[in-house]
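Data block below; observations after.
The values are calculated or read from the model by the stated rules, or taken from the named source; none is laboratory data. Keep in mind that this is a model prediction, so the values were computed, not measured. Cβ atoms come from the backbone with ideal geometry, glycine included; neighbour counts cover every protein chain shown. For the accessible areas, the whole protein counts, side chains as well, though only heavy atoms, and no ligand, DNA or RNA atoms are used. Shrake-Rupley method; radii C 1.70, N 1.55, O 1.52, S 1.80 Å.
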Amino acid sequence: MATVGSATSSPNQPLWLLAELTYRCPLQCPYCSNPLDFARHKEELGTDDWIRVLREARKLGAAQLGFSGGEPLLRRDLEMLIAEARSLGYYTNLITSGVGMDESRIAAFKEAGLDHIQISFQASDEELNNALGGTATFQHKYAMARLVKKYEYPMVLNIVIHRQNIDQIEEIIKMTVDLEADYVELASTQYYGWSKLNEAALLPTREQLARAERIAHEYQDRLRDRMRILYVVPDYYESRPKACMNGWGSVFLTIAPDGAALPCHAARELPGLSFPNVRDRSIDWIWHDSPAFNAFRGDTWMKEPCRSCPEKGKDFGGCRCQAYLLTGDPANADPVCDKSAHHAALVTQVDALTVPRAQPLIFRNIRNSKNYIAI
């Protein structure tokens, strides 16, 4: 059993499987977490491959399953995959924009055994929502959220928060109240993929952040008996890193549309790692023996200050993708941490990025993805 970078010989079993069924999407969100070169990854896994992945991951211990994308509703076999997952005993979550859904399909999901639907909005203002998504979808999203509630699913809404919509934070929360949400994720943008490309236009100022945090906490207290509101400060403004994915190769397993197996959905950005494909290898081998999944397990890979830090068992050194994007070396301490030698540079960078300026957004679409490849 391979143990590259690991201090232990037996990694945890995966608990959470993220099935990214497709990179196709009707929206063009400039903060999308899909890779910039998604146009290069065209060959999607077929139904039989996905069923084999579900079975192998479940046998290994995975219990939570997210169907994601792109937009998973574009897969015609989605209901079949949901039914298979149900038969295997997964708790299933559909992570969707709602575009491509109607009442008959929601009923079909219910019949197939889907447990959970999460719908995303871009903003509470229709004009801004449609502008950020690149298409007129706000009214349809609203209607789909109503139907999700009608079919007695937990009402889970996700709104990615950034400079373009953070000043609407109170209106966004009021929208979720109107939709009778049970759980609301005010998900601060994480800066990789398309959001990294657009960070100068998306990163909120410290003043915006302070106001939004105050309002979010007020509503968390006010609505605590009606809904759960999750609000997380953007990583760049923290002084300690989050336990990204609960540690590399510890709990989360992502399978990309082309079959690449990843410790997190942004891991393709890291250089020097060859990620195995489920077309060629079993989930068991990928999880336990592949060099990529063992690269940052445990703590033997850590440099200082992480290696001797008493908090390394809590935050695992932070995010490897963030460390690479901000320092050029994925083995460095996450610069979010104020113990990192790169933390002061991050603070300076953040202050420079949030100076008011006209900054056009680069939208996530095939044309821009192909242009990125050409560069």
Subject >> Residue that is nearest to L203 (Cα to Cα), among those in segment 218-241 that are open to solvent by 60 Å² or more (accessible area, probe 1.4 Å) and free of Cβ contacts under 8 Å to residues at least 60 places away in the same chain >> reply: L230
**OP:** Pairs only if they're at least six apart or on different chains, beta carbon under 6 angstrom, first in segment 249-276 and more than 16 Å from S33 (Cα to Cα) and open to solvent by 10 Å² or more (accessible area, probe 1.4 Å), second of a type in the set (S, T, Y) and part of a loop (DSSP other than H, G, I, E, B); list them, first residue then second.
**Re:** P276/S290
Original post:
What is the one condition in (1) buried (at least 17 other Cβ atoms within 10 Å of the Cβ); (2) within 22 Å of W16 (Cα to Cα); (3) hydrophobic (A, V, I, L, M, F, W, C) that L74 does not satisfy?
Top reply: (2)
Original post:
Considering segment 304-322 alone, what residues qualify as being closer than 21 Å to Y236 by Cβ and part of a loop (DSSP other than H, G, I, E, B)?
Top reply: P305, C306, C309, E311, F316, G317, G318, C319
**OP:** Mind listing just one residue for me: the one in segment 19-47 that is among the small types (G, A, S) and open to solvent by less than 20 Å² (accessible area, probe 1.4 Å) and, of those, farthest from G98 (Cα to Cα)?
**Re:** A39
Original post:
Which one is most open to solvent (accessible area, probe 1.4 Å), of the residues in segment 189-217 that are farther than 24 Å from R320 by Cβ and of a type in the set (A, V, I, L, M, F, W, C)?
Top reply: A210
Original post:
From the list A123, A136, A131, A143, which residue is over 23 Å from L361 (Cα atoms) and either open to solvent by less than 20 Å² (accessible area, probe 1.4 Å) or of a type in the set (G, A, S) (or both)?
Top reply: A143
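The rows are residues; the columns are (1) charged (D, E, K, R); (2) on the phi > 0 side of the Ramachandran plot.
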| position | (1), (2) |
| --- | --- |
| Y91 | no, no |
| R105 | yes, no |
| I117 | no, no |
| A131 | no, no |
| G134 | no, yes |
| H140 | no, no |
| L147 | no, no |
| H162 | no, no |
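Answer yes or no as to whether G113 is touching a residue at least 12 places away in the same chain (Cβ under 8 Å) and more than 28 Å from P30 (Cα to Cα).
Details: touching a residue at least 12 places away in the same chain (Cβ under 8 Å): yes; more than 28 Å from P30 (Cα to Cα): yes.
It is true that G113 is touching a residue at least 12 places away in the same chain (Cβ under 8 Å) and more than 28 Å from P30 (Cα to Cα).
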**OP:** Hey, can you tell me all the residues within segment 323-345 that are in contact with a Pro (Cβ under 7 Å, 6 or more places away or on another chain), open to solvent by 30 Å² or more (accessible area, probe 1.4 Å), in contact (Cβ under 8 Å) with a residue 24 or more places away in the chain and not in a helix (DSSP H, G or I)?
**Re:** K339
Original post:
Do we have any residue at all in segment 113-121 that's closer than 27 Å to D167 by Cα and more than 22 Å from the chain's Cα centre (by Cα)?
Top reply: no
Subject >> Members of segment 346-375 that are farther than 19 Å from Y31 by Cβ, hydrophobic (A, V, I, L, M, F, W, C) and outside any helix (DSSP H, G or I) >> reply: V355, I375
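If a residue counts only when it is among the charged types (D, E, K, R) and over 27 Å from G193 (Cβ atoms), which helices (runs of 4 or more DSSP H) contained entirely in segment 29-139 have at least 3 such residues? Before you say what the answer is, go through the steps one by one.
Details: elements: 47-60, 78-88, 103-112, 126-133.
Because the criterion is at least 3 residues that are among the charged types (D, E, K, R) and over 27 Å from G193 (Cβ atoms), the helices (runs of 4 or more DSSP H) in segment 29-139 that meet it are 47-60, 78-88, 103-112.
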**OP:** Answer yes or no: is there a residue in segment 278-289 that is surrounded by fewer than 22 Cβ atoms within 10 Å (Cβ to Cβ), at pLDDT below 95 and not small (G, A, S).
**Re:** no
